[in-house]
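Following: one structure in C-alpha cells, then a few remarks.
The values are calculated or read from the model by the stated rules, or taken from the named source; none is laboratory data. As the structure is a computational prediction, the values presented were derived from the model and not from experiment. Cβ coordinates were reconstructed from backbone atoms using ideal geometry, including for glycine residues, and neighbour counts include every protein chain displayed.
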Amino acid sequence: MSRTHTCPGCGRDDRVQAVPAVYLAGRDAVTSRERDSDGDMRTVTRTATTGLSDALAPVPQRPSYAIGCLGYLAAAVSFGTFLGGALAGKWFRDEPAHEPPELSGWHMPQDHPADPPPAFEFLGWISAFALLAAVLVFTMLLRRRTAFARVTRRRHVAEELWSHGWYCHRCGTVHFEGVPGEDRTPLTFQRFREKVWEHGGYGDLAAEQRAVDPGRS
Ligand SMILES: [Zn+2]
C-alpha cells in the first residue's frame, strides 16, 4: 500500500510519516560519531529514546522500579545478619572453648551452655526489621505493577487509534487518517496524546504526563 497522505497543515506529503514508524525509529539504537574529552573522534552506539518518540507514545511511562534496589539491599542485610547471628549463636553454644580473648573473663558454670551475648540478639532484631522492609518494598512494587497493568489493560484499543496517526515533520503536528468520527485536523502532541490515551481509558494520565514538544525536526 503506497498511498501517500498529504498533511492538512501544509498540504504536502513529503515529510509525512506514520506515527508508529516515527515512534519506533526514535527507539532504535543510535550510532553516532562523537568527540570524546581528549578531542578524538569515536563511534558511540547507545539506545536512545528521542523526545519525538516520547511525545508520540501510545501508553504512559511505566512506574519507576528503582526502589527495588532498596528491597534487595534490605533482603541482603536481613540474610547477612541472620546468618551472622545464627553462626555466632551456634559457635557460643557448641564451642565455648573458642571464646575470643575479650570474652575470656566470663566464668560460666560448666554444665550450662553459654548464651549468646546481647549483641548477637541485636543482630536478630536487625535481621527481622530488614526482612520486614524488604517485604514492604516488594509488596509496594508488585502493587504498583498490578495497578499499571490494570490502568493500561485496554492499551490495544488506544494503539489501534494511534496507528492511524500521521506525523508531519514540517509542521510538527499529527492528524488522523481514516478514523470514523475523527477529522483530519492537525493536532498538537498533547491533543493527540489526550485522544489516544482517552481511547485506551487512561486519559487522565495525559494531564499528568504531558507530551513535551521536542521542537520541530
Ligand atoms: Zn505539514
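State all residues of the range 137-165 that are under 25 Å from Leu73 (Cα atoms) and surrounded by 13 or more Cβ atoms within 10 Å (Cβ to Cβ); if no residue qualifies, say none. Passing the criteria: Val137, Phe138, Met140, Leu141, Arg144, Arg145, Phe148. Here Thr4 meets each of (1) assigned to a loop (DSSP other than H, G, I, E, B); (2) within 16 Å of the ligand (Cβ to nearest atom); (3) modelled with pLDDT of 75 or more with one exception, condition (3). The number of residues in the range 153-190 that are among the polar types (S, T, N, Q), assigned to a loop (DSSP other than H, G, I, E, B) and touching a residue at least 40 places away in the same chain (Cβ under 8 Å) comes to 2. For the range 167-186, a tally of residues being away from the ligand (no atom under 12 Å from the Cβ) and either surrounded by 18 or more Cβ atoms within 10 Å (Cβ to Cβ) or small (Gly, Ala, Ser) (or both) returns 3. Filtering the range 11-29 to residues that are at pLDDT below 90 and in contact with a strand residue (DSSP E or B) (Cβ under 6 Å, 6 or more places away or on another chain) leaves only Ala29.
Okay, residues lined up against (1) in a helix (DSSP H, G or I); (2) within 30 Å of His169 (Cα to Cα); (3) at pLDDT 70 or above:
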site: Ala66; (1), (2), (3): no, no, yes
site: Gly71; (1), (2), (3): yes, no, yes
site: Val77; (1), (2), (3): yes, no, yes
site: Trp106; (1), (2), (3): no, no, no
site: Asp111; (1), (2), (3): no, no, no
